[in-house]
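Structure first, then comments.
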Amino acid sequence: MKSWTLSIALSLSMLLHGQPLTAAQPAAKPLLSFHVLSDIHFQAWDKRSQVKLQAALNDLNTISPDADALIFNGDLTNGRQSDYDKLNELLMRTAHPEAVYSTIGNHEFYQAWYDAKGSWNEAGFPNGETEQASIGRFLQFTKESSIYYEKEIGGYPFLFLGSEQYRQSDAGNSEDAYLSDSQLEWLKQSLKKHGASRKPIFVFLHQPLPDTVAGSSCCVNNRSVIQHQQLKKILSAYPQVIFFTGHTHWELKHPDTLVQDRFVMVNSSSVEQPWTVGEDGGERMLSPEASEGLHVEVYDGKVIIQGRDFHSQRWIPEAQYIIRMNTK
């Protein structure tokens, strides 16, 4: 196991500074390919969010029309039924991979900030909304029976995690992910099941671990995931894990888009509005047109992750990574 972990680390060391691939894609056909989009913040009233998502899907279909799956890694909507309905409508008329899987983000709980008239009402929180009602609308959209679930795509395991609580249970939860003991035990058993194989294991959660990928050191309570210590310990036992997160919105050319610490962690920016470092060291929005996401290809012994600028329809040269894995 030690030699395998070192193999991953050495491969990453050559690419962490954003060394672009010599070609956008190798000549060989990948064994598996998929897209990861995060923080699309799709709302029924917001034409801009709708235009950006459609442009992203159109661009991805152009570069990889045979992709196996599309992953929405949290903050799909503002949690309102009208948002989900409009999103379904757009997906029905826009080309994309048949397999679509999603994780729940903090914004999927945002119906609680709106009153019965549909107006934002912070003082009235939770405005009669329960966490289970928010989760129920999300599950109705995904057609899954649980917030956390497993899929096999092209022979590779995909594990989806998600917050089971919002502020109704505890105001201290803030916008962080709450992972129950049951969910963490499920993750342990799922990883154990696949751990004997040296194939990559793809894990998805909207919120990142603190002090890891870009933007994860500036979150409320510097936490993001309430059970972050337990989660990192579980994932650290499996160096073949590639852990995708969103939430921070930070642009993909940031040097900490991809971080390796016992396993690989990847930030997926935002379709709706990427952020960058401001002159004061804080956050600032990129241009209003900015929109980003990831395209992933899996080959025997390596995974290629490529950042995509959907507005300019080009690869982001600073966000091109090869993760090499000794599968023998």
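The values are calculated or read from the model by the stated rules, or taken from the named source; none is laboratory data. Bear in mind the structure is a predicted one, so any value in this text is a computation, not a measurement. A quick note on method: Cβ atoms are made from the backbone with ideal geometry, for glycine too, and the neighbour counts reach across all protein chains shown.
Being assigned to a loop (DSSP other than H, G, I, E, B) and of a type in the set (D, E, K, R) is a description that does not apply to LYS233. Among the acidic types (Asp, Glu), more than 21 Å from PHE243 (Cα to Cα) and at pLDDT 95 or above, is that true of ASP39? Spelling it out, it is not the case that ASP39 is among the acidic types (Asp, Glu), more than 21 Å from PHE243 (Cα to Cα) and at pLDDT 95 or above. Tallying residues that are of a type in the set (Ser, Thr, Tyr), assigned to a strand (DSSP E or B) and in contact with a helix residue (DSSP H, G or I) (Cβ under 9 Å, 6 or more places away or on another chain) within the range 255-306 yields 0.
In the range 237-250, how many are under 23 Å from GLY105 (Cβ atoms), in a loop (DSSP other than H, G, I, E, B) and touching a residue at least 60 places away in the same chain (Cβ under 8 Å)? Give the steps one after another, and end with the answer.
Start the filter on the range 237-250 by keeping residues that are under 23 Å from GLY105 (Cβ atoms), which leaves 241-250.
From what's left, in a loop (DSSP other than H, G, I, E, B): 246-249.
Pick out the ones that are also touching a residue at least 60 places away in the same chain (Cβ under 8 Å) and you get 246-247, 249.
Qualifying residue count for the region: 3.
If I filter the range 254-303 down to residues being in contact with a His (Cβ under 9 Å, 6 or more places away or on another chain) and charged (D, E, K, R), which single residue comes out as surrounded by the most Cβ atoms within 10 Å (Cβ to Cβ)? Residue satisfying both the conditions and the ranking: GLU292. Here ARG198 meets the list (1) of a type in the set (D, E, K, R); (2) at pLDDT below 95; (3) part of a helix (DSSP H, G or I) almost entirely, failing just condition (3).
For every residue, the table says whether it meets (1) surrounded by fewer than 17 Cβ atoms within 10 Å (Cβ to Cβ); (2) of a type outside the set (Ser, Thr, Tyr); (3) closer than 23 Å to GLU272 by Cα; (4) in contact with an Asp or Glu (Cβ under 8 Å, 6 or more places away or on another chain).
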site: THR77; (1), (2), (3), (4): no, no, yes, yes
site: GLN81; (1), (2), (3), (4): yes, yes, yes, no
site: ALA123; (1), (2), (3), (4): yes, yes, no, no
site: THR130; (1), (2), (3), (4): yes, no, no, no
site: SER134; (1), (2), (3), (4): no, no, yes, yes
site: PHE138; (1), (2), (3), (4): no, yes, yes, yes
site: GLY155; (1), (2), (3), (4): yes, yes, no, no
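Scanning the range 25-62 for residues that are crowded, with 18+ Cβ neighbours inside 10 Å and part of a helix (DSSP H, G or I) returns SER49, GLN50, LYS52, LEU53, ALA56, LEU57, ASP59, LEU60. When we screen SER268, SER224 for residues that are within 16 Å of the chain's Cα centre (by Cα), farther than 29 Å from SER312 by Cα and not β-branched (Val, Ile, Thr), the only hit is SER224.
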